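Where a number appears in this text, it was derived from the coordinates with a stated rule and is not lab data. The model shown is predicted, which means the values in this text are computed figures rather than measured ones. Methodologically, a virtual Cβ is constructed for each residue, glycine included, from the backbone with ideal geometry; neighbour enumeration extends over all protein chains shown.
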Amino acid sequence: MDATLRELVLDPPGMIRLLAPPFDRGVHEPGYIKGYVPGIRENGGQYTHGVLWAVRAMAELGRRDRAAALLEMLSPVTHTRSAEAVACYQVEPYVMVADIYSNPAHLGRGGWTWYTGSAGWMLRVTIESVLGCTLDGGHTLRVRPCIPDAWEGFRLTYRLPDRRTVYELAVENPERCAAAVVGVTIDGVAATVADGAARVPLAADGAAHQVVVRLGAASAAPAASKK
């Protein structure tokens with residue numbers, strides 16, 4: 001992962017290349033990607049739904065600042081914050097892009113948009129890897145955020161398939177130390193922290209439930225959350 005940061009991340013313009021250097025005139029035949037101009041699409045450009053796994057890997061390693069920074073870098077909003085950036089990016093600021101070019105003649109320009117693979121993986125990596133909210137066994141929401149210490153926290157609304165039951169999550173980081181989950185309440189009642197994650201039992205009862213997850217130092221985490 002250190003090599004990924006060193007060799008594949010280009011900032012500016014803010015992108016993660018799929019590979020480097022691109023295939024060009026060498027003897028290796030990787031398949032159709034060699035047919036692309038070097039630095040375009042898979043051939044050394046950013047292929048978004050693939051490189052999002054780098055963000056997921058950083059989160060799995062507990063490199064919280066880096067995971068969040070890379071995720072923000074991949075956001076289309078980041079690429080369109082100024083007139084100069086828009087002129088470079090040249091695609092919509094409100095939808096995920098499938099690829100970004102690293103070719104010097106088109107550096108930072110977006111490729112295909114409305115690409116469901118990229119959008120789907122961006123959503124999953126954001127919610128599951130960085131915000132740390134995953135469904136366990138279909139009946140428990142597991143919350144183990146991987147956010148930077150600088151974040152105040154975040155809010156997330158989880159609606160069950162019955163369309164009536166809602167769990168309103170408020171993740172709080174009052175001490176600006178987001179290393180571990182140190183407590184959780186559901187509708188004001190203390191709930192379980194296990195294996196470092198808050199565990200929220202889900203019940204399709206048509207009600208709106210309030211869940212508060214508190215982050216803090218690893219030393220303050222309940223013993224049950226430690227391995």
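So here's what we get for this one:
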quantity: Alpha-carbon centroids, segment 125-182 and segment 22-45: separation in whole Å; calculated: 40
quantity: Cα long-axis angle, helix 64-74 against the chain (0 to 90 degrees, to the nearest 10); calculated: 50
quantity: Exposure proxy ranking, count of Cβ atoms within 10 Å, fewest first, for ILE186, ILE100; calculated: ILE186, ILE100
quantity: Segment 128-193 - Kirkwood radius from inverse mean 1/r over Cα pairs (Å); calculated: 12.9
quantity: Residue of PRO30, PRO21, PRO148 that the Gaussian network model of the chain assigns the largest fluctuation, springs spanning Cα pairs under 10 Å; calculated: PRO30
quantity: Radius of gyration, Dmax [segment 171-218; alpha carbons; angstrom]; calculated: 11.5, 35
quantity: Three-way shape call for segment 71-184 based on the alpha-carbon gyration tensor, with the a/c threshold at 1.5; calculated: prolate
quantity: Trypsin sites (Lys or Arg not before Pro) restricted to segment 65-112 and DSSP loop, no more than 12 other C-beta within 10 Å; calculated: ARG81
quantity: Percent RCO, i.e. relative contact order, over the chain, from Cα pairs under 8 Å lying at least 6 residues apart; calculated: 14
quantity: Proxy reagent accessibility, fewest Cβ within 10 Å first, across CYS133, CYS177; calculated: CYS177, CYS133
quantity: Sequence-separation-based contact order of segment 132-225, relative, with Cα cut under 8 Å and 6+ spacing, percent; calculated: 32
quantity: Cβ-defined net charge surrounding GLU175, 12 Å radius [Lys, Arg +1; Asp, Glu -1]; calculated: -1
quantity: Beta bridges per DSSP with both ends in the chain, % antiparallel, nearest 5; calculated: 80
quantity: The chain, helix-only ellipticity at 222 nm - DSSP H runs n ≥ 4, -39,500 (n - 2.57), divided by all residues, nearest 500; calculated: -6000 deg cm²/dmol
quantity: Length-normalised contact order for segment 2-125 - Cα pairs under 8 Å, 6+ apart - percent; calculated: 24
